1. For the range 307-421, list the helices (runs of 4 or more DSSP H) that sit wholly inside it and hold at least 3 residues that are β-branched (Val, Ile, Thr); which are they?
2. Considering only residues of the range 79-92 that are touching a residue at least 40 places away in the same chain (Cβ under 8 Å) and either open to solvent by 60 Å² or more (accessible area, probe 1.4 Å) or out of contact with any Cys (no Cβ under 7 Å at 6 or more places or on another chain) (or both), which is nearest to the ligand (Cβ to nearest atom)?
3. Only one of (1) of a type outside the set (S, T, N, Q); (2) open to solvent by 20 Å² or more (accessible area, probe 1.4 Å); (3) under 26 Å from residue 222 (Cα atoms) fails for residue 264. Which number is that?
4. State yes or no: is residue 73 open to solvent by less than 30 Å² (accessible area, probe 1.4 Å) and either within 39 Å of the chain's Cα centre (by Cα) or closer than 15 Å to residue 107 by Cβ (or both)?
5. Please count how many residues of the range 204-262 are among the small types (Gly, Ala, Ser) and under 30 Å from residue 311 (Cα atoms).
6. Name the pairs whose Cβ atoms lie under 6 Å apart, with the first residue in the range 132-150 and open to solvent by 20 Å² or more (accessible area, probe 1.4 Å), the second outside any helix (DSSP H, G or I), and 6 or more positions between them or separate chains?
7. Of all residues in the range 376-421, which are under 14 Å from the mean Cα position of the chain (by Cα) and under 15 Å from residue 142 (Cα atoms)?
Amino acid sequence: MKIVRTMELITILNHCHRHRGFVYQHARFAPDRLSIEVDVRPRAGSAAICSGCHQPAPGYDHLPQRRFEFIPLWGFLVFLLYRMRRVECRNCGVLVEEVPWCDGKHQLTRAYMLFLARWARKLSWKETAESFHTSWDKVCDAVEYVVGWGLQHRTLESIRAIGVDEIQYAKGHKYLTLVYQIDQGITRLLWVGKERTLESFQGFFTVIGEQLAAQIEFVCSDMWQPYLDVIRQKCSQSLHILDRFHIVAKMNKALDEVRAAESRQMAREGHEPLLKKSRWCVLKRKENLTSQQNLRLRELLRYNLQTVRAYLLKEDFQQFWEYNSPTWAGNFLDFWCYQTMRSRIEPMKKIARTLRSHRQLLLNYFKAKKQFSSGVIEGLNNKAKVTMRRSYGFRTFHILELALYHSLGKLPEPELTHDFF
Ligand SMILES: [Zn+2]
């Protein structure tokens, strides 16, 4: 009768991280007692694989021992120690062998990179590095590997609806262009472009190709002119919708301008500070006000201020989205713009002029039966902002791009035989 007395680390490794052609030999503490080292050897009689053509090839020589970092265990770092062989391949010449637990230049094993990358979606990159006693750079490496693999293996078929959005970073001085798929069944980030130019958005169409672009039925965007131009050019047959979320945001911005200017003017002229603490009363939706703010708003509405009139125009405009028929919505829009143009409130008049010049695109919202609207893009936009905050470290375009694809791209992941996470 065979009695198993101890469970060795080697046994566990053979269960969760076994590779044909290689054997784990011996596990021990490193001299510092902070890490565990496991020797790996080629299995007797199994040939090395050429990293150029992925075929077995005769051995040439051995390189010095390398340490491959594996998933840490109970607070100890774990390293696989292996001397890579070089092969003399008939096709490729003398090359280093390919090993299944790691690719090319990485110090981390594939399993560990996938493990770190998954945590980096739940925690900030810094927190991930701290939790596993590793560095921010290694977390970044791991994410880069997983995202690279995912982009290579994702499928970009049957995209019916896309949304394009711009997002600010680096303290508001720089922009990214984000393209999302916003189909009912799947919403995901498809493309990250540097800046918000014609070229950055065109980059997306280069990636998906003409055939896929021709199948897009709905495009949702804000009023940024370069985007409008690209959409007209690349998706001429699709229904182009202006995004509700961006219009509401624009209107709030105009209202805030009116309020701030009027508040300053009243202070200058020595009036009672009526508009003090009024900011949220007028910017928030009525149903979201606290009872204190509600009281404040009601008091404010008694005065004939520009801010109050602008506020009423903004509130009135909410009705626009309630229509079902494009014709009636159009009538409402015309009347609202007419009224607003007579208001003598410049920021609001500017909004009216913008809405008028985009009338057709605004009404497309009703033609699309409101299928693709504010909620989706606004949600993705918020998630993108949270992601950018979490990946902080180096605010380079490349890092942001990685972080955004990683958390919003719904990318496929390399598969492991064991689920470590
Ligand atoms: Zn080869």
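The values are calculated or read from the model by the stated rules, or taken from the named source; none is laboratory data. Keep in mind that what you see is a predicted model, and the values were worked out from it rather than measured. Positions of Cβ are generated from backbone atoms using ideal geometry, with glycine treated the same way; all protein chains shown enter the neighbour counts. Note: accessible area is taken over every heavy atom of the protein model, side chains too, but ligands, DNA and RNA are not part of it. Shrake-Rupley method; radii C 1.70, N 1.55, O 1.52, S 1.80 Å.
1. 374-390
2. 91
3. So the condition that residue 264 fails would be (3).
4. Judged against the criteria, residue 73 is not a match.
5. Residues meeting the conditions: 5.
6. Matching pairs, first to second residue: 132/72; 136/393; 149/414.
7. 391, 398, 399, 400, 401, 402, 403, 404, 405, 406, 407, 411
Conditions (1) touching a strand residue (DSSP E or B) at 6+ places or on another chain (Cβ under 6 Å); (2) farther than 25 Å from residue 35 by Cα; (3) within 16 Å of the ligand (Cβ to nearest atom), marked per residue:
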| residue | (1), (2), (3) |
| --- | --- |
| 94 | yes, yes, yes |
| 97 | yes, yes, yes |
| 101 | no, no, no |
| 106 | no, no, no |
| 115 | yes, no, no |
| 119 | no, no, no |
| 127 | no, no, no |
| 143 | no, no, no |
| 152 | no, yes, no |
